[in-house]
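K.L.:
Can you read through this structure? Questions will come right after.
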Amino acid sequence: MPYTATATNLPGVLILEPKVFGDARGFFYESFNAGDFRSATGLEVEFVQDNHSKSAKGVLRGLHYQIAHAQGKLVRVTAGEVQDVVVDLRRASPAFGRWLSVNLSGENKKQLWVPPGFAHGFLVLSDSAEFLYKTTDYWHPEHERSILWSDAEMAIAWQLDAIAPDRPQLSAKDAIGVPLAVAETYP
């Protein structure tokens, strides 16, 4: 099997670890194979869009989600390292409002499956990072929402001590994200 899937403490969120073949020349791994993904996760998903971003150290992107056209995301880092964070926004979930943090890097090659119904974001810990993700629905900017990264009620343990200065760089839309208590969520 090209990769293994490990369940997390958030229902539906999985950590995927690919089988990497390496020697003195470098490495090779299959980063995605629909049949193997289905075998490892038990999920039948169709990805419709691939996204690729590059960000500098200290950039925090998120916590993003689409209230309509919710996206499942398969995320990974090909260069550098990020702290990847997801928050369960499904009111019917026993984990509603809980978050999970996983470090993803070009070195560890881990991937994270984020099902629809979650907010997602990441903080760049290395000098820069290249972040790639597949989505199960297209980007619809009119439906995009942002949860405030620093919401005291959620108390996400961002690895701010790993960046300098100790406050992340945010986009204008992320700086005005809303607290979970007033955010639009899923049933």
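The values are calculated or read from the model by the stated rules, or taken from the named source; none is laboratory data. Because the structure is predicted, anything quoted here is derived from the model rather than measured. Neighbour counts run over all protein chains shown; Cβ positions are idealised from the backbone, glycine included.
K.L.:
For the range 1-44, name all the residues that are within 19 Å of Ala119 (Cα to Cα) and not hydrophobic (A, V, I, L, M, F, W, C).
P.N.:
If the condition is that a residue be within 19 Å of Ala119 (Cα to Cα) and not hydrophobic (A, V, I, L, M, F, W, C), then Thr8, Asn9, Pro11, Gly12 are the ones that fit.
K.L.:
Going by the structure shown, is Phe47 within 14 Å of Pro115 (Cβ to Cβ) and modelled with pLDDT under 95? So that I can check it myself, show each step before the final result.
P.N.:
Values: within 14 Å of Pro115 (Cβ to Cβ): yes; modelled with pLDDT under 95: no.
It is false that Phe47 is within 14 Å of Pro115 (Cβ to Cβ) and modelled with pLDDT under 95.
K.L.:
Tell me which strands (runs of 3 or more DSSP E) are completely within the range 1-101 and hold 3 or more residues being touching a residue at least 40 places away in the same chain (Cβ under 8 Å) and under 15 Å from the mean Cα position of the chain (by Cα), or say none if there are none. Spell out how you get there, then give the answer.
P.N.:
On the way: elements: 3-7, 14-18, 21-23, 26-28, 49-56, 60-66, 73-79, 81-88.
It comes to 14-18, 49-56, 60-66, 73-79, 81-88.
K.L.:
Could you tell me how many of the residues in the range 70-97 are among the small types (Gly, Ala, Ser) and either within 19 Å of Gln111 (Cβ to Cβ) or touching a helix residue (DSSP H, G or I) at 6+ places or on another chain (Cβ under 7 Å) (or both)? It would help to see each step written out before you state the result.
P.N.:
Of all residues in the range 70-97, those among the small types (Gly, Ala, Ser) come to 70, 72, 79-80, 92-93, 95, 97.
When the remaining residues are screened for being either within 19 Å of Gln111 (Cβ to Cβ) or touching a helix residue (DSSP H, G or I) at 6+ places or on another chain (Cβ under 7 Å) (or both), the result is 72, 79-80, 97.
Within the range 70-97, residues that are among the small types (Gly, Ala, Ser) and either within 19 Å of Gln111 (Cβ to Cβ) or touching a helix residue (DSSP H, G or I) at 6+ places or on another chain (Cβ under 7 Å) (or both) number 4.
K.L.:
Filter the range 137-147 for residues that are in contact (Cβ under 8 Å) with a residue 60 or more places away in the chain, of a type outside the set (Lys, Arg) and surrounded by fewer than 19 Cβ atoms within 10 Å (Cβ to Cβ) and give the result.
P.N.:
Within the range 137-147, the subset in contact (Cβ under 8 Å) with a residue 60 or more places away in the chain is 137-140, 143-147.
Right, trim to of a type outside the set (Lys, Arg) and you get 137-140, 143-144, 146-147.
Those that are in contact (Cβ under 8 Å) with a residue 60 or more places away in the chain, of a type outside the set (Lys, Arg) and surrounded by fewer than 19 Cβ atoms within 10 Å (Cβ to Cβ): Asp137, Tyr138, Trp139, His140, His143, Glu144.
K.L.:
Report whether or not Lys134 is outside any loop (DSSP other than H, G, I, E, B) and modelled with pLDDT under 95. Break it down into steps so the answer makes sense when it comes.
P.N.:
Numbers: outside any loop (DSSP other than H, G, I, E, B): yes; modelled with pLDDT under 95: no.
Considered against the rule, which asks whether it is outside any loop (DSSP other than H, G, I, E, B) and modelled with pLDDT under 95, Lys134 comes out as no.
K.L.:
Does at least one position in the range 165-187 carry a residue that is out of contact with any Cys (no Cβ under 7 Å at 6 or more places or on another chain), assigned to a strand (DSSP E or B), crowded, with 17+ Cβ neighbours inside 10 Å and charged (D, E, K, R)?
P.N.:
Here is the first cut: in the range 165-187, the ones out of contact with any Cys (no Cβ under 7 Å at 6 or more places or on another chain) are 165-187.
So of that shortlist, the ones also assigned to a strand (DSSP E or B) come out as 169, 178, 186.
Then drop every residue that is not crowded, with 17+ Cβ neighbours inside 10 Å, which leaves 169.
After this cut, where a residue has to be charged (D, E, K, R) as well, the list is none.
The answer is no; no qualifying residue exists.
K.L.:
Looking only at the range 160-187, which residues are out of contact with any Gly (no Cβ under 8 Å at 6 or more places or on another chain), within 20 Å of Glu81 (Cβ to Cβ) and small (Gly, Ala, Ser)?
P.N.:
If the condition is that a residue be out of contact with any Gly (no Cβ under 8 Å at 6 or more places or on another chain), within 20 Å of Glu81 (Cβ to Cβ) and small (Gly, Ala, Ser), then Ala162 is the only one that fits.
K.L.:
Identify, from the list Leu89, Leu16, Leu63, the residue that is crowded, with 20+ Cβ neighbours inside 10 Å, in contact with a strand residue (DSSP E or B) (Cβ under 9 Å, 6 or more places away or on another chain) and more than 28 Å from Pro141 (Cα to Cα).
P.N.:
Details: Leu89 fails: more than 28 Å from Pro141 (Cα to Cα); Leu63 fails: more than 28 Å from Pro141 (Cα to Cα).
Going through Leu89, Leu16, Leu63 in turn, the sole match is Leu16.
K.L.:
Scan the range 75-90 residue by residue and report those that are of a type in the set (D, E, K, R) and under 13 Å from Pro11 (Cβ atoms).
P.N.:
Restricting attention to the range 75-90, the residues satisfying the condition of being of a type in the set (D, E, K, R) are 76, 81, 84, 88, 90.
Selection gives Asp88, Arg90.
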